[in-house]
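The values are calculated or read from the model by the stated rules, or taken from the named source; none is laboratory data. Being a predicted model, the structure only gives us computed values, none of them experimental. FYI the Cβ positions are ideal-geometry reconstructions off the backbone, even for glycines, and counts take in every protein chain you see. Only protein heavy atoms, including side chains, enter the accessible area calculation; ligands, DNA and RNA are left aside. Shrake-Rupley method; radii C 1.70, N 1.55, O 1.52, S 1.80 Å.
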Amino acid sequence: MSADTSLPVLTQKDFASDQEIRWCPRCGDYSILAQMKKVLPTLGIPKEDIVFVSGIGCSSRFPYYMSTYGMHSIHGRAPAIATGLKVARPELTVFVITGDGDALSIGGNHLLHALRRNVDLKIIMFNNQIYGLTKGQYSPTSPLGKKTKSTPFGSVDRPLNPLSVAIGAGATFVARSADVDIKHLTMVLERAARHKGSAFVEVYQDCNVFNSGAFEFATKKDQKQENCIYLENGKPLIYGNDRDKGIRLTGAGNPEVVNLSDVKEDDLLFHDESSDDPTPAFRLAQMRWPNSPEPMGIFRSIDRPTYDGEVDRQFKQCMEQGTADLEALFNSGDTWDVKPK
Amino acid sequence: MSSESSASKSNGQPAGSADAKALQTMESVVIRFCGDSGDGMQLAGTQFTNVSAVFGNDVSTLPDFPAEIRAPAGSLFGVSGFQVCFSSGEVFTPGDEVNTLVAMNPAALKTNLEDLQRGGTLIVNEDAFDKGNLQKAHYDSNPLDDVDGNLAAFRVHKVPMTRLTRDSVEGLGLTVREADRCKNFFALGLVFWLYDRDSTPTEDWVKEKFAKHPSIVEANLRALKAGYNYGFSTEQFTVHYEVPSAELEPGRYRKITGNEAVAMGLAAAAKLAEVELFYGGYPITPASDILHELSKLKRFGIKTFQAEDEIAAITSVVGAAFGGALAVTASSGPGIALKGEGIGLGVITELPMIIVNVQRGGPSTGLPTKTEQSDLFLSYFGRNGDCPMPVIAARSPADCFQMAQEAVRIAVEFMTPVFLMTDGYIANGAEPWKIPAISDLKKVSISHPQESNGNGDGFLPYLRDENLVRPWAVPGTPGLEHRLGGLEKADGSGNVSYDPDNHDNMTRIRAQKIMNIAESIPEQEVEGPESGDLLVVSWGGTYGAVKSACMESRRQGKSVAHCHLQYIHPFPKNLGTILKNYKKVLIPELNGGQMWMILRGLYLVDAVSFSKVKGKPFLIGELCAKIDEVLES
Ligand SMILES: Cc1ncc(C[n+]2csc(CCOP(=O)(O)OP(=O)(O)O)c2C)c(N)n1
């Protein structure tokens, strides 16, 4: 049977569940859901082979709105649940949907280990720099000084940089996009979905109730080109409304903004997402607005054996040896016979 | 290798022929080997056990490890012990009083002497009683000089084991340290002689184990033989003993620990059900061996995952169960506490999974290497919300095999997480296990639906059968796509529901589903009179001691029955009736009275609690005394 004739062509609608969507009006989550529904039909994977696993938080309601298999689990544990599922059933395509609090605070440990193991999971972290579901406490990505219900005098916690964490953990695919940047987000989600290994995608997501406008710099039409650099593999880092600025490395290896009128394109920093050395990706992850223009897109995408793949390989090797004889197992070690008297 | 065969020849000689010393027959003997944690006492004890088992005795063992991996040599808290009871009758515990104590140093003597029976045999390595070791054991003077007459009650044998061992391995080119390592084989050889054991199985073991190091093989065999000959030829020992073989049911046997039995029971259940087993675990004493054992068994369709912590272990199990695997985790108190939230997710998603709780002393990190039964409440209640779960408990090392399979059956038939309770005592303890015929094992059948149950309205993951059990549909099945989760489910559709009546209904359904399990478990049995003065109720690893104590009481003409619970939630249907058939009910437990509280609460029975929380199993003697006390009150 060829795949072409046996697989029905799926559309966005096929991935919508019958559940009423209960996010706040104008929540950034709607856009991410819509882009996901666009991407899935392009993958050629039957609906029943796709599973969405989420933790707890507003974003984690996501699986209910998809007509695939899904599990809305407990706070922070989605990566571990997804790991168990993927190890048991390596043939499934497993997405993890999580929030910044869910993934980096309560679930930090699990995220770290899923990434360092390179479990073949697509982890999509909706970052709104706030706790949405619990109504507005600061999160591990909230900026210093942020005033929230639990930090009325301003937060004194230093924020985590999610992409640096992911790269530090050895993630093989690391990317960033923004909820309303529809084309870019679709591209990033599709690339993540096609990546073999753990893909970590940070999506800037507007929580217009508790943290409205946190990512305007990266989403407003008239600002984003000036504030962000859209990464393209093999291409120099160029940005700006008029594409007149670029990034060059100083002698000390630090990125600096240069004017293209002063510098040749060849002298700019070229993006190499497949570098085995994590340093270039880490350098990009450290570039944050407003201190510097902020990169968006795919920071890193490399090939490494996946955890579930390796477990399965060992498992099949052992199974093929065909010695699963219970009787032999029971009789292993020292045995003795008691004769009838 | 000629020296090896000569060693085995002389060791294997039938006692009594060339040996003129008196041979006394004993029914049952308890030996304890104790020494520094580096002295190889676990090995000596295990070898003695194997030899006794092969000879045909019934055996029961209790290893006792120090909590520190490498305590300073000679220190009181670094003492490692191994107790074995072997008998020509049936044995149910490793024994109360020690008949023969082998103490390799002063610290071992100090910490173990009080368990030696009056008139018992004490064998000490007198070479180890030097100034430094005496100081480390906080002795002001050498106890072997016995100025206070403390040793007068025992038959004391001071043996210069270090020197004799060194002499026996001379010429093999061993370092002093290597030579001294063989002391345990000297001690073992001596005890082999003392109890008239054929050491051939141990010699074979040494040859196989150290096959790559011929000099070590030779050294150990020589030490073993030296110990044996020492007993045979010195004037110190005038008698030795024989313990005839027991009348065990005919068949093939092996020795098994509780943890091994759990692993084998699970592997057998999965293999027979033709389903893959997923084990997610995080190392913790005394449960780690289950992970170790299963990790070796990939060829049986077993995948093991050493998670980053217990929370990941249980949640990986939830994920694997969703995927259709037979999903298992094991831990001990602190780890089970961490797993609570994930287990609750298992309960509300109604997915089958097995959680083995190998109990140890608590609370918190408590006594990691010691046994207790104090996680009963934790397993019974230790989750948020009304979160009912079946709880079953193994009663002995070999019984873990049976109960592991039973846990699988209940989990799968009723779509629920199941607690299987064991404890440090039965997890590490060993007993002979009659190897079952594969054809006698019950197969659990697992099926995942392929067709929708929704009459055209999509799949209803929470549509239930007559037992209130929902279907186990798994990802990859076309048309059955559904979402599970921790939020309350609407009955039938499984959609999120905050409807108050639905929550009330679902809470009751989940509880009733678990109660329905009572229909599928055996009725409670009682050993002894069906009604009478006293019923002793026990559960879990205290089985052997309580059974022995009740047998002893009946032998003395007392009206004492024993009811041992293996099914704890739900209880067998007839338990309430049984409890009312006796004038008094006594509940001994290695905790503060947890089962006592549950049974009083459920059955309004005025039971008496006998609680011991010392990190040690019950002694038969202390149970007999308590039984008498309750009978007389
Ligand atoms: C064990 C546990 N602790 C706390 C909570 C409460 N809680 C639910 S969601 C959440 C934070 C969610 O924030 P985030 O992950 O950023 O997601 P968002 O709601 O913003 O999408 C918290 C603290 C919980 N459900 N479980």
Quiz item: For the range A:246-341, which fully contained strands (runs of 3 or more DSSP E) count at least 3 residues that are within 14 Å of chain B (Cβ to nearest Cβ) and under 30 Å from B:Y253 (Cβ atoms)?
Solution: A:335-338
Quiz item: Within the bounds of the range B:257-275, is there any residue that is out of contact with any Cys (no Cβ under 8 Å at 6 or more places or on another chain) and closer than 30 Å to B:T25 by Cα?
Solution: yes
Quiz item: Looking at the range A:142-153, which of its residues are open to solvent by less than 30 Å² (accessible area, probe 1.4 Å) and either farther than 17 Å from A:S105 by Cα or at pLDDT below 95 (or both)?
Solution: none
Quiz item: For the range B:65-129, list the strands (runs of 3 or more DSSP E) that sit wholly inside it and hold at least 3 residues that are in contact (Cβ under 8 Å) with a residue 24 or more places away in the chain and touching a Cys at 6+ places or on another chain (Cβ under 8 Å); which are they?
Solution: B:79-87, B:98-103
Quiz prompt | Members of the range A:54-81 that are open to solvent by less than 10 Å² (accessible area, probe 1.4 Å) and away from the ligand (no atom under 16 Å from the Cβ) | solution = A:M66, A:T68, A:Y69, A:G70
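For (1) open to solvent by 10 Å² or more (accessible area, probe 1.4 Å); (2) in a helix (DSSP H, G or I); (3) more than 8 Å from the ligand (Cβ to nearest atom), each residue gets a yes or a no:
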{"residue": "A:G101", "(1), (2), (3)": "no, yes, no"}
{"residue": "A:N109", "(1), (2), (3)": "yes, yes, yes"}
{"residue": "A:L112", "(1), (2), (3)": "yes, yes, yes"}
{"residue": "A:L115", "(1), (2), (3)": "no, yes, yes"}
{"residue": "A:I123", "(1), (2), (3)": "no, no, yes"}
{"residue": "A:T134", "(1), (2), (3)": "yes, no, no"}
{"residue": "A:P140", "(1), (2), (3)": "yes, no, yes"}
Quiz item: Could you list, in sequence order, the residues of the range B:402-428 that are among the acidic types (D, E) and either free of Cβ contacts under 8 Å to residues at least 60 places away in the same chain or farther than 25 Å from B:T369 by Cα (or both)?
Solution: B:E406, B:E413
Exercise. May I ask you to verify whether A:P295 is surrounded by fewer than 12 Cβ atoms within 10 Å (Cβ to Cβ) and at pLDDT 95 or above?
Key: no
Exercise. Read through the list (1) out of contact with any helix residue (DSSP H, G or I) (no Cβ under 7 Å at 6 or more places or on another chain); (2) without any contact (Cβ under 8 Å) to a residue 24 or more places away in the chain; (3) outside the structural domain of A:R117 (by TED's automatic domain parsing), then give the number of the only condition that A:T323 fails.
Key: (1)
Quiz item: Which ones in the range B:207-245 are more than 14 Å from chain A (Cβ to nearest Cβ), open to solvent by 20 Å² or more (accessible area, probe 1.4 Å) and in a loop (DSSP other than H, G, I, E, B)?
Solution: B:F210, B:A211, B:K212, B:H213, B:T234, B:E235, B:Q236, B:T238
Quiz prompt | Filter pass, A:V156 being open to solvent by 10 Å² or more (accessible area, probe 1.4 Å), away from the ligand (no atom under 15 Å from the Cβ) and assigned to a loop (DSSP other than H, G, I, E, B) | solution = yes
Quiz item: What are the residues in the range A:159-182 that are open to solvent by 50 Å² or more (accessible area, probe 1.4 Å) and either within 16 Å of the ligand (Cβ to nearest atom) or among the β-branched types (V, I, T) (or both), if any?
Solution: A:P159, A:L160, A:V180, A:I182
Quiz item: Assuming A:A103 fulfils every condition listed in (1) facing chain B (nearest Cβ under 9 Å); (2) in contact with a strand residue (DSSP E or B) (Cβ under 7 Å, 6 or more places away or on another chain) apart from one, which condition is it?
Solution: (1)
Practice problem: Mind listing whichever residues of the range B:563-610 are without any contact (Cβ under 8 Å) to a residue 24 or more places away in the chain and of a type outside the set (A, V, I, L, M, F, W, C)? | Solution: B:T577, B:G593, B:R600, B:G601, B:D606, B:S609
Practice problem: Would you mention how many residues in the range B:472-493 are open to solvent by 30 Å² or more (accessible area, probe 1.4 Å) and away from chain A (no Cβ under 12 Å)? | Solution: 1
Self-check item: Unmet criterion (only one of (1) at pLDDT 95 or above; (2) open to solvent by 50 Å² or more (accessible area, probe 1.4 Å)) for B:G528
Solution: (2)
Exercise. Kindly provide the set of residues from the range B:495-515 that are within 13 Å of chain A (Cβ to nearest Cβ) and in contact with a Leu (Cβ under 7 Å, 6 or more places away or on another chain), ordered by number.
Key: B:V496
Quiz item: Within the group A:V87, A:V51, A:V9, A:V94, which residue is assigned to a helix (DSSP H, G or I) and either in contact with a Leu (Cβ under 6 Å, 6 or more places away or on another chain) or away from the ligand (no atom under 16 Å from the Cβ) (or both)?
Solution: A:V87
Practice problem: Look through B:L326, B:L297, B:L277, B:L248 and report the one residue that is open to solvent by 20 Å² or more (accessible area, probe 1.4 Å), within 12 Å of chain A (Cβ to nearest Cβ) and of a type in the set (A, V, I, L, M). | Solution: B:L248
Self-check item: In the range B:602-625, the residues that are of a type in the set (D, E, K, R) and touching a Leu at 6+ places or on another chain (Cβ under 7 Å)
Solution: B:K612
Quiz item: Here are some conditions: (1) part of a loop (DSSP other than H, G, I, E, B); (2) within 25 Å of A:E216 (Cα to Cα). A:G234 meets all but one. Which one does it not meet?
Solution: (2)
Self-check item: Identity of the residue in the range B:360-386, hydrophobic (A, V, I, L, M, F, W, C) and open to solvent by 20 Å² or more (accessible area, probe 1.4 Å), that ends up farthest from B:A411 (Cα to Cα)
Solution: B:L367
Quiz item: When you go through (1) assigned to a loop (DSSP other than H, G, I, E, B); (2) within 12 Å of chain B (Cβ to nearest Cβ) one by one for A:G70, which number turns out not to apply?
Solution: (1)
Quiz item: Which residues, counting only those in the range B:304-323, are touching a Ser or Thr at 6+ places or on another chain (Cβ under 7 Å), open to solvent by 10 Å² or more (accessible area, probe 1.4 Å) and facing chain A (nearest Cβ under 10 Å)?
Solution: B:T304
Quiz item: Which residues, taken from the range A:14-48, are away from the ligand (no atom under 16 Å from the Cβ), open to solvent by 60 Å² or more (accessible area, probe 1.4 Å) and within 14 Å of chain B (Cβ to nearest Cβ)?
Solution: A:D18, A:E20
